[in-house]
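Let me begin by presenting the structure, written as structure tokens, before commenting on it.
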Amino acid sequence: MTSLNFHDFSTSLPDADELVRGLNPQQRAAVEYRGAALLVVAGAGSGKTRVLTHRIASLLATGDAWPSQVLAITFTNKAAAEMRDRVGTLLGREAQGMWISTFHSACVRILRAEAEHFGYTSGFSIYDAQDSRVILKRLIKKYRADVFTLTPRGVAAKISKMKNDLVDADAYLRTTSGSDPVARMIGELFREYEAELRRANAFDFDDLIAQTVYLFRAFPDVAERYRQRFRHVLVDEYQDTNRAQYALIRELTRDGGASLTVVGDSDQSIYAFRGADIRNISEFEKDFPGAKTILLEQNYRSSQTILDAANAVIGNNTDRRVKRLWSDLGTGERIQGFVGYTAHEEAQFVVDTIGALRDEGTRYSDIAVFYRTNAQSRALEDMLIRGGVPYRILGGTRFYERAEIKDALAYLTIVANPNDDQALRRVINSPKRGIGDASIAQLASFAERTGGSLFDALGHAEELGFGPKLRQAMSGFHALITRAAAGSEPLDELARNLLESSGYLAALAASRDPQDESRAENLEEFLSVAAEFVEAHPDGTLVDFLTEVSLVAAVDELDDASGTVSLMTLHTAKGLEFPVVFITGLEEGILPHAMAIQEIGGIAEERRLLYVGITRAQQRLYLSLALNRAQFGGPSASVPSRFLEEIPAELVHWGGARMRRSGLPAAHYSRSTQREQPEIPARSNHADGDAAQPKRRVQRVWPGALTTEVRNNEGLVVSAGDRIRHTAFGEGTVQATTGAGPKLVAQVLFDDGAHKKLLVRLAPIEKISD
DNA sequence: TTAGATCGCGCACCG
DNA sequence: CGCGATCTAA
């Protein structure tokens with residue numbers, strides 16, 4: 001290799017010129033720029049990961065950085081793994097020693113290393129949002145804060161916001177001094193909550209960032225050490241950083257600290273609800289005088305049609321840096337729109353279309369279905385199951401949030417951190433040991449008097465005047481944990497031993513609740529995850545394992561998505577791409593979400609969310625909605641999303657139910673919706689407040705989207721003369737059939753005189769006689 | 001005092 | 001429809 005760099009030791013490094021080969025001029029500039037601050041405004045699909053990885057490789061190749069001087073921050077572990085992988089491909093062994101991780105992982109690593117500085121031990125626990133709420137619930141009760149109509153959820157949100165803004169309890173109380181009793185109470189709860197976490201040797205999610213900032217501010221020598229170490233900090237998805245994350249970056253880059261590269265796109269900022277501050281990116285040049293800005297506008301992902309739609313939608317946001325994505329991948333297919341009468345019809349459309357795509361050779365793993373809220377996945381799942389389509393859901397009730405998994409983790413957490421009262425409360429009575437609320441309250445009061453933990457209190461069960469049964473249960477639990485902590489078995493065996501000797505697995509096996517069977521299966525799955533961890537990290541500790549599972553994100557579970565359609569929320573979709581994308585539920589109240597409509601800036605954020613969704617699509621995009629959607633227990637009528645009107649009509653081919661006059665502009669309907677298609681009456685929905693509406697209206701539907709009561713009568717064959725029974729229309733006689741196989745349509749004369757065409761595979765019918 | 005059953009409310013997005 | 005608060009039986 002003829003190397004431009006003069007380091008003899010770096011024979012495995014690529015040539016600096018090689019690294020920019022095949023990059024466009026802007027990408028190349030972003031890779032080669034050397035200066036204190038660089039902002040790469042990277043439109044969707046503009047190759048930013050490529051720029052980041054090549055830039056890191058370039059820094060090393062030109063001798064501007066050692067591996068250990070690089071800190072690259074991504075948004076998810078999956079993104080970090082991918083970046084590590086790609087940097088590894090470019091650099092080989094040279095890539096070792098870099099920190100490529102999420103904000104949270106990097107901060108945990110720092111906090112564990114420096115735990116002694118703030119009176120924690122390095123085995124501290126990490127509380128998730130649910131843990132926080134449980135603690136607050138107890139505190140709200142204790143302080144009778146419910147008279148102020150304070151809820152755990154609400155207070156948790158306030159505390160989270162404060163932490164993201166680097167406001168601590170004292171600072172908050174100072175600003176609210178006296179005047180407002182509710183604010184005072186919130187401040188007190190905040191203070192107590194902090195005390196509780198400290199006693200338990202625990203941090204919550206927001207602490208991970210905020211406490212690292214406080215650490216750096218309180219211990220300048222510690223901060224200086226990290227400033228010396230990280231000479232190059234690179235931050236991906238910069239538009240989604242919050243104030244605390246911004247402060248952390250500043251701490252690392254100030255006073256001749258690291259050079260800073262940030263990559264982001266303000267049009268994809270979708271995390272305002274957790275404190276993301278769009279100004280971090282929009283005012284980057286002010287924050288870092290002399291910063292260089294590079295725009296990446298060429299998109300390598302999507303057809304021009306898809307980009308035109310995305311540009312049109314996002315163009316309705318004001319106050320943005322105008323950029324226009326372009327692609328040389330060609331016009332591509334038109335976007336397909338579909339209007340269903342119900343969420344089931346909408347789901348049926350998705351399933352039918354997936355079937356058709358599959359027939360054309362599209363792989364399931366190339367298809368993704370997005371929705372605004374997790375609740376929407378249910379109807380989709382139903383249809384996918386009926387349609388025999390393999391799918392997987394990212395997020396939703398995540399694996400590590402399942403009660404039984406959290407229980408298993410709680411056992412392990414107590415071993416790692418016996419001060420963690422929260423974990424102890426969780427499993428002290430699971431399985432049932434007869435230790436109820438009253439007994440726990442007694443233990444807690446003893447713990448408070450003696451300044452110890454609940455676990456310590458358990459050790460003194462004999463002295464606390466409990467009955468023999470309770471004493472035995474308490475000492476037994478204490479001994480169980482003590483034994484586990486003293487042993488030295490690998491953690492997968494430790495986990496199994498805890499679940500077995502605690503009686504947890506036995507209780508599940510003895511239960512007659514059918515769900516407990518799948519809980520036991522989940523625990524087996526968990527144990528194999530632990531075994532894999534041991535395999536992958538022979539030197540990994542229990543705390544390492546607990547840290548890893550605490551920080552997994554929904555999208556981190558995508559890896560083995562082979563052969564399945566992927567379902568996820570629009571938020572989870574960020575950073576991903578798929579040849580085929582469905583975006584469902586394009587209705588007012590869903591997208592934009594009803595909550596967002598009332599918030600300032602809410603609509604703009606929802607628009608960005610749709611923009612993110614659209615720009616995930618490479619070749620084909622489907623947009624769908626349902627005019628009636630069961631929500632909050634009952635059905636409710638909906639109106640098409642305002643965003644649909646922002647997409648140029650000529651880009652979309654609409655199918656499905658005819659829309660009311662108040663719906664999309666007429667130009668949105670294509671003639672083809674008037675095609676002759678099987679007719680079915682709409683389910684006679686409850687009065688939706690509009691008496692003028694005919695009770696049964698004829699709708700025109702996408703082929704296959706036939707009825708709300710969908711079945712899969714796979715293989716059912718009927719022919720003229722057969723008698724059938726329909727769940728809604730009663731009995732009737734088949735007059736004739738058309739089509740064959742899954743497309744078999746029967747014309748039926750029902751006994752009440754009605755004449756219907758039914759798609760045999762899906763209609764709720766059964767054959768009575770030949 | 002605990003455990004199981006029933007009732008009733010509320011129901012984004014996430015590392 | 002899922003979860004938590006509340007009721008009731010032991």
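Divided by 2.2 N^0.38 Å, where N counts the residues, the Cα radius of gyration of the range A:50-206 comes to 1.38. Note on residue A:137 and residue A:534: the model spin-label points, each 7 Å out from Cα along the C-beta direction, lie 3.4 nm apart. When you restrict to C-alpha pairs under 8 Å that are six or more residues apart and normalise by the size of chain A, the relative contact order lands at 14 percent.
The distance separating the Cα centre of the range A:208-283 from that of the range A:296-331 comes to 28 Å.
Per-residue extension of 0.36 nm, minus the Cα-Cα distance of residue A:385 and residue A:286, leaves a gain of 30.4 nm for this segment. Reducing the range A:610-656 and the range A:389-443 to their Cα centroids gives an inter-centroid distance of 40 Å.
Extension gain, residue A:373 to residue A:485: 0.36 nm times the residue separation minus the Cα-Cα distance gives 36.2 nm. Proximity of backbone amide H atoms, modeled 1.01 Å from N, is registered between residue A:736 and A:747 at under 5 Å, excluding neighbours fewer than 5 places apart on the same chain. In the range A:408-454, one over the average inverse separation of all distinct C-alpha pairs is 11.0 Å, which is the Kirkwood hydrodynamic radius.
Which stretch or stretches of the range A:261-302 have amide N atoms under 14 Å from the point lying 7 Å from residue A:64's Cα along the Cα→Cβ direction? Inside the label zone: A:261-262, A:291-294.
With contributions of -39500 (n - 2.57) from each DSSP H run of at least four residues, the per-residue ellipticity at 222 nm computed over chain A stands at -12500 deg cm²/dmol. Once you divide the Cα radius of gyration of chain A by 2.2 N^0.38 Å, the number left is 1.07. Taking Rh as the Kirkwood radius, which is the inverse of the mean 1/r over Cα pairs, what is the Rg/Rh value for the range A:65-117? Dividing the radius of gyration by the Kirkwood radius yields 1.03. Couplings 3J(HN,Hα) for the range A:161-168, derived from phi with the Karplus relation 6.51 cos²θ - 1.76 cosθ + 1.60 (θ = phi - 60°), are 4, 4, 5, 5, 9, 6, 9, 9 Hz, where x marks Gly and Pro. Compute the angle between helix A:491-501 and the longest alpha-carbon principal axis of chain A, please, reported from 0 to 90 degrees and rounded to the nearest 10. Approximately 80 degrees, to the nearest 10. What angle, in degrees between 0 and 90 and rounded to the nearest 10, separates the Cα long axis of helix A:377-386 from the longest principal axis of the Cα atoms of chain A? The angle comes out at about 60 degrees.
The Cα-based radius of gyration of the range A:130-243, divided by its Kirkwood radius, gives an Rg/Rh of 1.04. Ranking of A:271, A:622, A:214, A:611 by neighbouring Cβ atoms within 10 Å, starting from the fewest: A:214, A:271, A:622, A:611.
Working note: Cα gyration tensor of the range A:32-103, eigenvalues times five, square-rooted, sorted largest first, giving semi-axes of 17, 16, 12 Å. Partners of residue A:767 within straight-line reach, counting aspartates and glutamates whose Cα lies under 19 Å from its Cα and excluding those fewer than 8 residues away in the same chain: A:709, A:714, A:722, A:731, A:751, A:752. Once you order the gyration tensor axes a ≥ b ≥ c over the Cα atoms, which shape class does the range A:207-263 get: rounded for a/c under 1.5, otherwise prolate or oblate by comparing a/b with b/c? Oblate is the answer for the range A:207-263, as a/c is 1.5 or above yet b/c matches or exceeds a/b.
Rounded to the nearest 20, the size of the Cβ-charge dipole of chain A about its Cα centre is 1800 debye, with Lys and Arg at +1 and Asp and Glu at -1.
Cross-link list A:48/A:286; A:161/A:292; A:141/A:574: which exceed 27 angstrom alpha carbon to alpha carbon? Too far apart for the 27 Å limit: A:161/A:292; A:141/A:574. A cut-off of 5 Å between modelled amide H atoms, ignoring neighbours fewer than 5 places along the same chain, links residue A:391 with A:565. Modelled spin-label separation between residue A:462 and residue A:112, with each label point placed 7 Å from Cα along the Cα-to-Cβ direction: 3.6 nm. Dipole orientation for chain A: of the candidates A:132, A:203, A:451, A:132 has the Cα lying most toward the positive pole (charges on Cβ; Lys, Arg +1; Asp, Glu -1).
Sorting A:231, A:34 from the fewest to the most surrounding beta carbons within 10 angstrom yields A:34, A:231.
Placing unit charges on the Cβ atoms of the charged side chains and taking the dipole of chain A about its Cα centre, the candidate lying farthest along the positive direction among A:735, A:52, A:290 is A:735. Between residue A:334 and residue A:191, the modelled label-to-label distance comes to 6.6 nm, taking each label 7 Å out from Cα in the direction of the beta carbon.
Annotation: the residues A:66, A:654, sorted from fewest to most other C-beta atoms within 10 Å of their own C-beta, follow the order A:66, A:654. Computed on the range A:371-448, the Cα convex hull volume stands at 158 Å³ per residue.
Every read-out reported here was derived from the displayed coordinates using simple, explicitly stated rules and does not represent laboratory data. Bear in mind that the values here come from a model prediction, so they are computed numbers and not experimental data. Heads up, the Cβs are rebuilt from the backbone with ideal geometry, glycines too, and the neighbour counts pull from every protein chain shown.
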